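Structure first, commentary second.
The values are calculated or read from the model by the stated rules, or taken from the named source; none is laboratory data. No experiment lies behind these values; they were computed from the predicted model shown. Cβ coordinates were reconstructed from backbone atoms using ideal geometry, including for glycine residues, and neighbour counts include every protein chain displayed.
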Amino acid sequence: MASVYNWQLGRAMSYPYEERHPKQQFAFVFNINRCIACQTCTMACKSTWTFSRGQEAMWWNNVETKPFGGYPRNWDAKLLSMLEQANPGGQAWNAGEPDTAQRPYGVFEGKTIFEAAEKRVGPEGAQAVVGYLPTEAEWRSPNLHEDSATGGKWAPGRFDGSTQLPEHRVWFFYLARICNHCTYPGCLGACPRQAIYKRPEDGIVLIDQTRCRGYRKCVEGCPYKKVMYRGNSNTSEKCVGCYPRIEGKDPELCPDGAPIETRCMSVCVGKIRLQGLVEVEDDGHWAPRPENPLYYLNRERQVALPMYPQFGTEPNGYYIPPRWVPRGYLHQMFGPGVDGAIEQYSCPDRELLAVLQLFRAQRQILYRFQIEKGPKIAEVPVRMPSGEVKVQELFNDTVIGFNKFDKEVVRVTIDEPVHQRPAEKHANSI
Amino acid sequence: MNDATERWVEKVHPLARHAAGDDPFELLAHPTAGDPEVMLECLLQEFLWMGWGTAELIDLFRNPGYPLLCMLREHYGEESIRKQIDAFVARSGVPTFRETLAEPESDEIAERDEPALVQIAPLC
């Protein structure tokens, strides 16, 4: 295997192919503090891309309930336990000396899905990737009955009567997922036909349907289980990143050729999603563009974190972790950057607060933002996760978003807080 | 076995049986510790700051389509949630965010060509 640099792990790692990088990379941030699983994104994707025969159980975008659910069922718990078996007690981070550019989360000292595979030797040699093929039953019920610990149908006033398990305290959260269009995709590394490729212009990972023979090695190799097999065509399929929209080639939506966010991002009513393209340097690092909202949130402020970076694929989907979830669980899912991210998000400074308003403000991909400074309008007490109360300063700032052609497309202004008081206490007014 | 009562036991419906530790179909998860109050406060802050009003939020908590919010309502009761919303708004107010989309310039609209028709199947 070749040696490639994975900045999320803070070190070089093994990968079946030599390191090569696209000019730009498709990336996104999901703020899961806001997601209540309305599934609008799921249905938008389904009705656009996977509505045909053979695609019935195929959900390129899904929203699952954590910690109890998953699509396919328990995908992450299964893979984590496979890696733990391959490297007992060794799957740990050394967060000792973070370095913003080279190792922002410290160094992962365990084994990735590629490294753990090197010791799994079969008749055909060492495996490329450690993974598993989910059973048909595991794909069948995306987010059905996942909200209760016992897995039964939830109804008001009752969780489930079939078992005597004690019910959990409700700290769960909803995890929206699409393909992460990884820098080092597990699916690509596992494909024996070299049918999977990463587009040089935007880093979107696609399957060449003419080369695919349906061996399902990609389904096995993708740690996030975002490649799905289609029985009636005997090929695998996956999220295509709505590439016609990213290319700006939709004549109705983008007559001037400006890239538009994907379907799932564009329809998000909860404003949890922000998607874009980041510039990538030859060595794979993101070009320092702090004026790009994605670069700002991921690299400059590190408030958005990759999901399961320890798998080693360098996923390009990032998440603002939910504040109420126990830290041990979040550390396992998002790495050592969790504490810093939650600390910042719980009481954002004026710049971060402004950038957070760009989520789903409109549908064009934003390449740059600018903030017009306004006067201070309020001080608001905010309870931090530690219980400490901090004072958040609010300013009458306006954040402006610009598209690919540096044309202003949206501006969001923060206004003075409105204080509602019960009417009966002010009955003496005229 | 002389006593007839020992030979007769109550019938137990399968639904009432205790879950066994090695039963993979029942033990899908285990209970976890956590504080639903923090969760509720975080969710209220997110939605109030996005501009949701008290009535709209309460409706959301009543909607069985959103089990997370419904479970919190069951746990605390509607009145308690309403009080928490009022307390939050009284404490910190609700900042509003004014959003303005840039309108396309008028000559740009006029110049926009109709999309070309694309033949997607061979002509018969």
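Restricting attention to region A:167-198, the residues that are in contact (Cβ under 8 Å) with a residue 40 or more places away in the chain, in contact with an Asp or Glu (Cβ under 8 Å, 6 or more places away or on another chain), over 15 Å from A:V219 (Cβ atoms) and not in a loop (DSSP other than H, G, I, E, B) total 3.
In region B:71-82, the qualifying residues are those that are under 27 Å from A:P417 (Cα atoms) and away from chain A (no Cβ under 11 Å), and the one that is surrounded by the fewest Cβ atoms within 10 Å (Cβ to Cβ) is B:E79.
A:Q332 falls short of the stated requirement of being within 14 Å of the chain's Cα centre (by Cα) and surrounded by fewer than 21 Cβ atoms within 10 Å (Cβ to Cβ).
For region A:254-264, a tally of residues being within 12 Å of chain B (Cβ to nearest Cβ) and surrounded by 15 or more Cβ atoms within 10 Å (Cβ to Cβ) returns 3.
Listed by position, the strands (runs of 3 or more DSSP E) contained in region A:336-407 that have at least 3 residues being of a type in the set (D, E, K, R) and either in contact with a helix residue (DSSP H, G or I) (Cβ under 8 Å, 6 or more places away or on another chain) or without any contact (Cβ under 8 Å) to a residue 60 or more places away in the chain (or both) are A:376-383. One residue alone among A:E314, A:E291 is over 14 Å from the mean Cα position of the chain (by Cα) and assigned to a loop (DSSP other than H, G, I, E, B), and that residue is A:E291.
The rows are residues; the columns are (1) part of a loop (DSSP other than H, G, I, E, B); (2) more than 23 Å from A:Q364 (Cα to Cα).
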site	(1), (2)
A:P200	yes, no
A:Q209	yes, yes
A:G214	yes, yes
A:P244	no, no
A:P251	yes, no
A:D256	yes, no
A:G270	yes, no
A:Q275	no, no
A:R299	no, no
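Residues considered: B:E99, B:E26, B:E46. Of these, the only one that is modelled with pLDDT of 90 or more, facing chain A (nearest Cβ under 10 Å) and surrounded by 12 or more Cβ atoms within 10 Å (Cβ to Cβ) is B:E46. Pairing each residue of region A:4-19 that is closer than 13 Å to A:G186 by Cα with any residue that is crowded, with 21+ Cβ neighbours inside 10 Å and aromatic (F, W, Y), provided the two are 6+ apart or on different chains, yields C-beta distances under 6 Å for A:S14/A:F114; A:Y15/A:F114; A:Y15/A:Y184. In region A:104-130, what residues are over 26 Å from A:Y318 (Cα atoms) and within 28 Å of the chain's Cα centre (by Cα)? Selection gives A:E118, A:Q127. Across region B:49-70, what is the total count of residues that are in contact with a strand residue (DSSP E or B) (Cβ under 9 Å, 6 or more places away or on another chain), at the interface with chain A (Cβ under 7 Å from one of its Cβ atoms) and in a helix (DSSP H, G or I)? Final tally of qualifying residues: 2. Is it fair to say A:C239 is out of contact with any Asp or Glu (no Cβ under 7 Å at 6 or more places or on another chain), under 22 Å from A:W49 (Cβ atoms) and away from chain B (no Cβ under 14 Å)? Answer is yes for this residue. Within region A:216-235, being touching a residue at least 40 places away in the same chain (Cβ under 8 Å) and either assigned to a loop (DSSP other than H, G, I, E, B) or among the hydrophobic types (A, V, I, L, M, F, W, C) (or both) holds for A:R216, A:V219, A:C222, A:P223, A:Y224, A:K225, A:K226, A:V227, A:M228, A:G231, A:N232, A:S233. Please go through region A:60-117 and pick out each residue that is assigned to a strand (DSSP E or B) and of a type in the set (S, T, Y). A:T65, the sole residue that qualifies.
If you scan region A:408-420, which residues turn out to be assigned to a loop (DSSP other than H, G, I, E, B) and either of a type in the set (A, V, I, L, M) or at the interface with chain B (Cβ under 7 Å from one of its Cβ atoms) (or both)?
If the condition is that a residue be assigned to a loop (DSSP other than H, G, I, E, B) and either of a type in the set (A, V, I, L, M) or at the interface with chain B (Cβ under 7 Å from one of its Cβ atoms) (or both), then A:D415, A:P417, A:H419, A:Q420 are the ones that fit.
Among the residues of region A:27-59, the ones that are touching a Lys or Arg at 6+ places or on another chain (Cβ under 8 Å), within 14 Å of chain B (Cβ to nearest Cβ) and part of a loop (DSSP other than H, G, I, E, B) come to 2 in all. When region A:371-392 is filtered for residues that are basic (K, R) and exposed (fewer than 13 other Cβ atoms within 10 Å of the Cβ), the ones remaining, listed by number, are A:K373, A:K376. Scanning region B:49-66 for residues that are farther than 19 Å from A:Y174 by Cβ and either touching an Asp or Glu at 6+ places or on another chain (Cβ under 9 Å) or among the β-branched types (V, I, T) (or both), we see that the one that is modelled with the lowest pLDDT is B:T54.
Restricting the search to region A:89-122, which residues are under 13 Å from A:G10 (Cβ atoms) and among the basic types (K, R)? Hit for region A:89-122 is A:R103, nothing else.
Between A:L297, A:L353, which is within 30 Å of B:E103 (Cα to Cα) and more than 14 Å from chain B (Cβ to nearest Cβ)?
The match here is A:L297.
Listed residues A:A149, A:A126, A:A116, A:A155; which is at pLDDT below 80, out of contact with any strand residue (DSSP E or B) (no Cβ under 9 Å at 6 or more places or on another chain) and more than 14 Å from every other protein chain (Cβ to nearest Cβ)?
A:A126
For region A:359-370, filtering for residues that are among the aliphatic types (A, V, I, L, M) and crowded, with 22+ Cβ neighbours inside 10 Å leaves 2. For region A:20-52, the tally of residues that are without any contact (Cβ under 8 Å) to a residue 12 or more places away in the chain and of a type in the set (G, A, S) stands at 2.
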